[in-house]
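Here is the structure we will look at.
The values are calculated or read from the model by the stated rules, or taken from the named source; none is laboratory data. Since this is a predicted model, take the numbers as computed values, not measurements. For neighbour counting, all protein chains shown are included, and Cβ atoms are generated from backbone atoms with ideal geometry for every residue, glycine included. All accessible areas refer to the heavy atoms of the entire protein, side chains included, with ligands and DNA or RNA removed. Shrake-Rupley method; radii C 1.70, N 1.55, O 1.52, S 1.80 Å.
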Amino acid sequence: MASNAMAAFVVAIVVLLVALKSSSAFVVAPVTRCVPPSTSCVTVSRAAANSDTVTPSAESVASLSSSKEDDAKNISELAVLLDDAITYNTKNSSSTLVTNLMKLRQSDPIAAETYLDDILSIIASGSNRRTFIPRLSTRLSRKARLRSMSRVLDVSTPSADEGEAANNNEADDDVGAARRRRRALAVLLRTIDKESSSGGTTIIRQIETMAVRDAKQDELGSRVPENLETPKYVVIARRKAGYEIRNYEPYSLCTVEMKSSVKANDEKRARTDAKVSMPQLSGASSFGALAGYLFGKNSQETAMKMTTPVLTTNAGMDDGATSADNTKEMSFVLPSSYWTEAGIASAPQPLDGSGLRLQRDEGGPRATLMFGGFANKAEVKERKAQLLSLLEGDEDYVISDGAKIILSQYNDPFTPPWKRLNEVSVKVTSK
């Protein structure tokens, strides 16, 4: 009996070692490339992806072979960097990955996309490989770490009607899906760079646990960015149905119509727009115009501090709606020094012809419903309908006459969806 038990133990150890060995090796899959000017994607070998022709001439065989070897070496080094970053980041590899990506984006955007594609191919090659043990700990298995990273990407990648995809009317095809996956990876790399291992748990496992936990949308109020001014309010009542009645103090706004008569290529608008975009918000050009004003493109050339949230009136509306009541507007909250009547009078004025205007919100009671994730059109429509339905049964408050529902988005574009805070709110009056 003892000998049989010992034999079984030895076999189990051998199986574990074989599994660990197989899970720690990287086999880089073929790379999917979208070859211009075609809009279709083709799967090619890495050597073919870097060559000008599918079938190289005899004279180029040697150089292609050398290129393939160099490419394999670079991928191997990238895989080592990635694994250190998602394990314990002992060599600060996450900062190297993010810095490399930022430099490539500034110098060669196509190379930056290739860089992200290479990382995605490493994740796919590792996470799709089979092993003798279905779920090894991320502490022991590189394969388990890559699978964990793949799962985080799955919950972080927006659909075609979310974020920049919806903003640019991006097609729901393989090309569009690849772009969205790259964007999600770039955000995840930044998230990894901000994390540190705790209690011996790998960084990627911590992030996956956080994503699953925060996706439940508990404690949404804790997602408001620190050190950014936001309108002040007190909570009057919290309803069991999940919404709040808040009483806001007055605050000031800079507002732009999202379908302004000032064209995007108009000289006046060009003077006002900052070279800034907010891919996760509807109307990146509107955001750019507002950011330009806040960062100093105004009558006094005064730069102001960023605030939160970004407010959108009539968000989630069908594109065909054009009546005055359905006008889409986006607003930035001005710094608190401009919230009084005297303060807004002294605020820097928008440049003539920019399409921007300053206005003051007198505050007062608002019914507010919070939610996380991406605020895509379908989600916003659903949350607006939910809030209106809940208010129909409220015993103390009704919607104020002529009040419009406002979407508030609190986080920057590099915030993963499980850390995002959004709200829909409407002004209410006591019964």
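For the stretch 337-431, what does the relative contact order come out to in percent, with C-alpha contacts under 8 Å and a separation of six or more?
Relative contact order for the stretch 337-431 comes out at 34 percent.
Once the Cβ-Cβ distance between A385 and Y88 is put in as r, and R0 is 51 Å, what FRET efficiency do you end up with, to the nearest 0.05?
0.65
Just the accessible area for I86, please: 1.4 Å probe, Å², rounded to the nearest 10?
0 Å²
Take the alpha carbon atoms of the stretch 294-431, find their radius of gyration, then divide it by 2.2 N^0.38 Å using N residues; give the quotient.
1.16
Excluding ligands, DNA and RNA, what is the solvent-accessible area per residue of the stretch 327-375 at a probe of 1.4 Å, expressed in Å²?
Values: 1770 Å² over 49 residues.
Result: 36 Å² per residue.
Using 0.36 nm per residue, how much length does the chain from D108 to K232 gain when fully extended, once their Cα-Cα distance is taken away?
Working: separation 124, 0.36 × 124 = 44.64 nm, distance 4.31 nm.
That pair, D108 and K232, stretches by 40.3 nm at full extension.
Can you tell me how much longer the chain between D154 and S299 gets when fully stretched, taken as 0.36 nm per residue apart minus their C-alpha distance, in nm with one decimal?
47.7 nm
So, R0 is 41 Å and r is the distance between the beta-carbons of D173 and S95; what FRET efficiency does that work out to, to 0.05?
Working: r = 34 Å, r/R0 = 0.84.
Efficiency computed from Cβ-Cβ geometry: 0.75.
Run the quick spin-label model on A342 and D401: label points 7 Å from Cα toward the beta carbon, then report their separation in nm to one decimal.
Using points 7 Å along Cα→Cβ, the separation is 3.4 nm.
Tell me, what ³J(HN,Hα) does each residue in the stretch 382-389 have, in order and in whole Hz, if you take phi through Karplus 6.51 cos²θ - 1.76 cosθ + 1.60 with θ = phi - 60° and put x for Gly and Pro?
For the stretch 382-389, the Karplus curve yields 5, 5, 4, 5, 5, 5, 4, 5 Hz.
Relative contact order (percent) for the stretch 72-123, with alpha-carbon contacts under 8 angstrom and 6 or more residues of separation?
In percent, rounded to a whole number, it is 32.
Given labels modelled 7 Å from the Cα in the Cβ direction, how far is it in nm from S198 to A124?
For the pair S198/A124, the computed spacing is 3.4 nm.
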